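The values are calculated or read from the model by the stated rules, or taken from the named source; none is laboratory data. As the structure is a prediction and not an experimental result, all values here were calculated from the model. All Cβ positions, glycine included, derive from the backbone under ideal geometry; neighbour counts span all protein chains shown.
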Amino acid sequence: MIILADENMPLAGEAFSRLGEVRLAPGRKITPDLVSGCDILAVRSVTRVDRQLLSGSRVRFVGTATIGVDHVDTGYLVASGIGFASAPGSNAISVAEYIIAALYVLAARLGFSLRNKSLGIIGVGNVGSRVSVRAEALGMKVIWNDPPLLEKTGAPRYCPLEEACQADLVTLHVPLEKGGPYPTYHLADRRFIDGLRPGTILFNTSRGSVADTGALLEALKSGRLAAAVLDVWENEPVISLPLLSKAAIATPHIAGYSYDGKVRGTLMIYEAACRHFGIKPDWDPSGFLPEPERATIRLEGDLSRKDELIGQAVAASYDILADDSKLRVISDLPEGERGKYFDRLRKEYPVRREFSARTVELAKNLAPLKPVLEGLGFKVLK
């Protein structure tokens, strides 16, 4: 078999070479000509997979190493008898850790404690549920909103959107849906923002078009929103520079880009391809994961500084402001270079290991921090 994979999919060659010949290409440059002679297509979110791409090809299986599938015409695949798999949950831990890193930056910058702050989570699936666990470990009050899950489970914990919007901070973790019973396209529009408490902090790490750029910009200019943390943008890779300038933290769609998460996505679609073709999977990526920088983090100090100390461990594991600084360079580039630069930041993204790859050593007096750090995913010694 011949497998065509996005070159930005880590270890795709190692995984899929067990099934046949692997060819790699930039995701935005995967064309019908490249696809035509291939049996398996493995993509990420920048490749549009539809009739135009696949018609006349011999592709029998498509896998996307992403949670979202709005870039894939799944109806066409079903009608054409082409197998399909995505990687739900593969980058959920990475996105949750991004949110935690952003929370600590904003708490330090704006001078508030996370403990007892309320967090409204819009969409409590793979990502939102992991954000919830970590926020609760920090002592935050979490409010869940997820109409599809409420309909499915009837669980009383799911609250109306209006209630979740009264939280101090609101984070969006929904798929992009333009139709159906629960559309999310421009969910965060002017009406949504008007329903937030004045001074709310809004996070969007789902899809750019879940939020209305104009409404966000207006709310940030007026002060209706105290701050916005934006990892996703409408019209990527050509993003709104006025909105970028107003965002408290801005990054180039990399919240889910931990190396662990991307490898997890590769593994998931490799295994799905094996199932589709009746092949027993035998690839294990564990030996390919690199040792992180600062594999051990030592925390010392007074317990009264616990928020600062936990923030140190988080920042030592993931420096979200480095990603923010790199994206802001885009404002200084000629218009024709901005989209290329945005894509390059994603393509050349450095290895970021998840918190679980690190061990935190605590001074004896800091033992009470152990359950909090473990709740965030760290290994802890005391």
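Please work out which residue is nearest to the chain's Cα centre (by Cα), limiting yourself to region 261-296 and to residues that are closer than 18 Å to residue 67 by Cβ and surrounded by fewer than 22 Cβ atoms within 10 Å (Cβ to Cβ).
264
Counting just the residues of region 72-89 that are in a loop (DSSP other than H, G, I, E, B) and modelled with pLDDT of 95 or more, which one comes out surrounded by the most Cβ atoms within 10 Å (Cβ to Cβ)?
From region 72-89, those in a loop (DSSP other than H, G, I, E, B) are 73, 80-82, 86-89; that's our starting set.
Next, only the ones that are modelled with pLDDT of 95 or more stay: 73, 80-82, 86-87.
Working: 73: 20, 80: 15, 81: 7, 82: 18, 86: 20, 87: 26.
The qualifying residue surrounded by the most Cβ atoms within 10 Å (Cβ to Cβ) is 87.
Here are 59, 22: which of them is in contact with an Asp or Glu (Cβ under 8 Å, 6 or more places away or on another chain), in contact (Cβ under 8 Å) with a residue 12 or more places away in the chain and farther than 29 Å from residue 174 by Cβ?
None of the other options fit; the residue is 59.
Go through (1) over 20 Å from the mean Cα position of the chain (by Cα); (2) in contact (Cβ under 8 Å) with a residue 24 or more places away in the chain for residue 46 and report which single condition fails.
(1)
Any residue at all in region 103-117 that's of a type in the set (Lys, Arg) and within 30 Å of residue 39 (Cβ to Cβ)?
Kept after step one, since they are of a type in the set (Lys, Arg), are these residues of region 103-117: 109, 115, 117.
Adding the requirement that they be within 30 Å of residue 39 (Cβ to Cβ) leaves none.
Checked against the condition, which is being of a type in the set (Lys, Arg) and within 30 Å of residue 39 (Cβ to Cβ), region 103-117 yields no hits at all.
Can you tell me which of 119, 110 is surrounded by fewer than 18 Cβ atoms within 10 Å (Cβ to Cβ), in the same structural domain as residue 233 (by TED's automatic domain parsing) and closer than 23 Å to residue 311 by Cβ? First the steps, then the outcome.
Numbers: 119 fails: surrounded by fewer than 18 Cβ atoms within 10 Å (Cβ to Cβ).
Of the residues listed, the single one that is surrounded by fewer than 18 Cβ atoms within 10 Å (Cβ to Cβ), in the same structural domain as residue 233 (by TED's automatic domain parsing) and closer than 23 Å to residue 311 by Cβ is 110.
Working carefully through the options 189, 168, 194, find the one that is touching a helix residue (DSSP H, G or I) at 6+ places or on another chain (Cβ under 6 Å) and in the same structural domain as residue 136 (by TED's automatic domain parsing). Don't jump to the end; show me each part of the working.
Details: 168 fails: touching a helix residue (DSSP H, G or I) at 6+ places or on another chain (Cβ under 6 Å); 194 fails: touching a helix residue (DSSP H, G or I) at 6+ places or on another chain (Cβ under 6 Å).
Answer to the check: 189.
With the structure loaded, tell me whether residue 323 is farther than 20 Å from residue 257 by Cβ, in contact (Cβ under 8 Å) with a residue 24 or more places away in the chain and surrounded by 15 or more Cβ atoms within 10 Å (Cβ to Cβ) or whether it fails that test. Give the derivation first.
Details: farther than 20 Å from residue 257 by Cβ: no; in contact (Cβ under 8 Å) with a residue 24 or more places away in the chain: yes; surrounded by 15 or more Cβ atoms within 10 Å (Cβ to Cβ): yes.
Criteria not met by residue 323.
Cβ-Cβ under 8 Å, sequence separation 6+ or interchain: first residue in region 145-156 and free of Cβ contacts under 8 Å to residues at least 40 places away in the same chain and surrounded by 11 or more Cβ atoms within 10 Å (Cβ to Cβ), partner of a type outside the set (Val, Ile, Thr) and assigned to a helix (DSSP H, G or I). Which pairs?
145/161; 145/163; 145/164; 146/128; 147/161; 155/149
Restricting to region 157-176, give me the number of residues that are farther than 20 Å from residue 91 by Cβ, buried (at least 17 other Cβ atoms within 10 Å of the Cβ) and aliphatic (A, V, I, L, M).
4
Looking at 380, 372, can you tell me which residue is out of contact with any Ser or Thr (no Cβ under 9 Å at 6 or more places or on another chain) and of a type in the set (Val, Ile, Thr)?
Details: 380 fails: out of contact with any Ser or Thr (no Cβ under 9 Å at 6 or more places or on another chain).
One residue alone meets the criteria, 372.
Quick test of your reading of the structure: residue 184 fulfils all but one of (1) crowded, with 16+ Cβ neighbours inside 10 Å; (2) assigned to a helix (DSSP H, G or I); (3) not assigned by TED's automatic domain parsing to the domain that holds residue 42. Name the failing condition by number.
(2)
Just checking, does region 232-242 include any residue being surrounded by 23 or more Cβ atoms within 10 Å (Cβ to Cβ), of a type in the set (Ser, Thr, Tyr) and assigned to a loop (DSSP other than H, G, I, E, B)?
no
Quick one: which of 245, 222, 209 is in contact (Cβ under 8 Å) with a residue 40 or more places away in the chain and either surrounded by 21 or more Cβ atoms within 10 Å (Cβ to Cβ) or in the same structural domain as residue 139 (by TED's automatic domain parsing) (or both)?
It is 245.
Name the residues in region 141-163 that are within 21 Å of the chain's Cα centre (by Cα), closer than 23 Å to residue 193 by Cβ and hydrophobic (A, V, I, L, M, F, W, C), would you?
Answer for region 141-163, where residues must be within 21 Å of the chain's Cα centre (by Cα), closer than 23 Å to residue 193 by Cβ and hydrophobic (A, V, I, L, M, F, W, C): 142, 143, 144.
Quickly run through region 340-377 and pick out the residues that are among the hydrophobic types (A, V, I, L, M, F, W, C) and under 21 Å from residue 97 (Cα atoms). Walk me through it before giving the result.
Quick first cut of region 340-377, residues among the hydrophobic types (A, V, I, L, M, F, W, C) only: 342, 345, 351, 355, 357, 360, 362-363, 366-367, 369, 372-373, 376.
Scanning region 340-377 gives 345, 351, 355, 357, 360, 362, 369, 372, 373, 376.
For the structure I just gave you, tell me whether residue 176 is in contact with a Lys or Arg (Cβ under 8 Å, 6 or more places away or on another chain), part of a loop (DSSP other than H, G, I, E, B) and closer than 18 Å to residue 218 by Cβ. Even if it seems obvious, please write down each step before you answer.
Details: in contact with a Lys or Arg (Cβ under 8 Å, 6 or more places away or on another chain): yes; part of a loop (DSSP other than H, G, I, E, B): yes; closer than 18 Å to residue 218 by Cβ: no.
When the stated conditions are applied, residue 176 does not pass them.
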